[in-house]
Amino acid sequence: MRMIESTGDLEALVAEIETAPYVSLDTEFMRDQTYWPKLCLMQVAAPGGPAAIIDPLTEGMDLSPIYRLIKSASIVKVLHAARQDIEIFWHQGGVIPDPLFDTQIAAMVCGFGDAASYETLVRRLTNTELDKSVRFTDWSRRPLSNRQLDYALADVTHLCRVYEALARELHRTGRESWVEEEIAALKDADLYELDPVNAWRRLKPRTANKRFLAVLATIAAWREREAQAKDVPRNRILRDEALLEIAAHPPESPEGLERIRSVPKGFAASRSGRSLLESVTQGLASPPPTPLDLDRHRRKREPSPSAIDLLKTLLRLRAEEAKVAPRLIATSDDIERLAAFDDEGVSALHGWRSEVFGKDAIALREGRLAIALEKGEAVIVELEDEP
C-alpha cells in the first residue's frame, strides 16, 4: 500500500506517472455536513506503473502536482461517473481533466445499461468481485484501516482494465466519437459553477407566475449565499418547501414569516430571518428571472399519450438493437417533443442519435414505419409507399 503523505512524495509520484498514456483517478469525500465537498482521499493508478493513495488531510499537503497532472493534455484521465470528482477538481484545483474518459458513459454506449455501476463493470470485464462492505465509511477519520485503504485503491487499480476493455470495444464498433460527444459536456466549466443567481432552477417550479418566480429566485439566491458562506448544506439554512411556500405567500413581517408552517420556530426573529425578509422585499420589486425555462419550447400541440408510448417502444427496440442505453439516445422530454411535432433542439434528431433512433422516430410519426407484434414480440415494420 503506497500512501502519499507529503508534497515531496506527491511530486515524485507524479514524475513516475506523467509519461503514462493514461491514469485512472478516484476520490473519496464527505458532504453530508458541509456545502462544499470535503476531499478526504485521492486515488491514482497508471498502467503497469504505480498505484497510490494521496491523503489531502495531511498537514502541509499541497495538491498542486496532482492538479498539474490532471490538467496535462498529454495523458488521458480515466474516471467512473466523473461529474462529482470533476466538481472537486474544479473548485479546489481550478482544473477540469482533459482529455477525459468516463467509463460509465462508455459502458452505456457498449451495452451495459443506463447507469452501470463500477462493481458491475469490474465483475463483467475483469471477472473480479469487489468488497464494498466499507463503502459508507467516514473517510475524514484517521487512521483509516487497511481494509478501507484496500477498498479505496481497488477503485482505480481495476479501473485500468475496465478502461482498456471498453476502449477496445469502442474501437471495434467505431463508436469512439459517440462517447467523445457525451464527455464533451462534462468538460464544460459552467456545469460546475454554483452561481446563487441560478439556484432557483434546482427547485423546478411548476408555474409561470412572474411574481412567484421573482421572489423564489431572490430567496433561493439568498439561501445559496448563506450556505456557501457558512459551508453547510442548503437545507440547514432553510428547506426547499419553505422557499416554495414563502414565494407563494410572501410574508411582509416577522410575524408573517413565523406563521409559515415549514419555517422553524424562532427563525423569523433571527438575523437570518431578518435577512430573508429583506430578500423577499427585494424579490417583490424585481423582474422574474430570465430566461424562464417554462417559456422555452412552447409546444404547438399537446402530445398524444399513445404517440408517446409508441415512440418509447421504438426507442427501446432500437436501443436494444444498437446495444446502447435508451436514455443516452433520447430523454423523456425528447420523446414528448417528438410526439408534439416540436422538433427544434431535439438532440435525438442529430448525429449518431439520428442514425440509431431519430430518423425512425420521424418515419413512425409520418406513417412510414409501424410497430407490430410478431410471435408475441414487438417488431418494427417498414411500410411500403402507396402507388
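The values are calculated or read from the model by the stated rules, or taken from the named source; none is laboratory data. Since we're looking at a predicted model, the values are computed, not measured. Because the Cβ atoms are built from the backbone with ideal geometry, glycine has one as well, and the counts that use them run over all protein chains shown. These accessible areas exclude ligands, DNA and RNA; they are computed on the full protein's heavy atoms, side chains included. Shrake-Rupley method; radii C 1.70, N 1.55, O 1.52, S 1.80 Å.
Summary of computed values
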| read-out | value |
| --- | --- |
| Point-charge dipole on Cβ atoms (K/R +1, D/E -1) for the chain, about Cα centre, debye to 20 | 1220 |
| Where the chain is the region considered: accessible area per residue in Å², 1.4 Å probe | 52 |
| Candidate lysines for bridging to Lys323, where Cα separation is under 20 Å - those fewer than 8 sequence places away on the same chain excluded | Lys312, Lys359 |
| Greater than 27 Å apart at Cα, pairs in Lys71/Lys230; Lys38/Lys132; Lys230/Lys265; Lys132/Lys187 | Lys71/Lys230; Lys132/Lys187 |
| Loop sites in the stretch 207-267: trypsin sites (Lys or Arg not before Pro), DSSP, at most 16 other Cβ within 10 Å | Arg239, Arg259, Arg261, Lys265 |
| Contour minus Cα-Cα distance for Ala184 and Asn127 (0.36 nm per residue) | 17.5 nm |
| Restricting the stretch 94-180 to GluC sites (Glu not before Pro) in coil, as DSSP defines it, with at most 10 other Cβ within 10 Å | Glu129 |
| For the chain, the longest site-free run once chymotrypsin sites (Phe, Trp or Tyr not before Pro) in DSSP loop states with at most 15 other Cβ atoms within 10 Å are removed | 137-340 |
| Net charge, Asp240 excluded, C-beta distance under 11 Å - Lys, Arg +1, Asp, Glu -1 | +3 |
| Assigned charges on the beta-carbon of Lys, Arg, Asp, Glu; the stretch 169-244 dipole about Cα centre (debye) | 660 |
| Counting DSSP beta bridges with both ends in the chain, the antiparallel % (nearest 5) | 70 |
| At most 15 other Cβ within 10 Å, DSSP loop - trypsin sites (Lys or Arg not before Pro), the stretch 295-366 | Arg296, Arg298, Arg299, Lys300, Arg301, Lys323 |
| Computed magnitude of the charge dipole of the stretch 1-117 (debye, nearest 20; Cβ of K, R +1, Cβ of D, E -1) | 240 |
| Of all accessible heavy-atom area on the chain, the percent that carbon and sulfur account for (1.4 Å) | 48 |
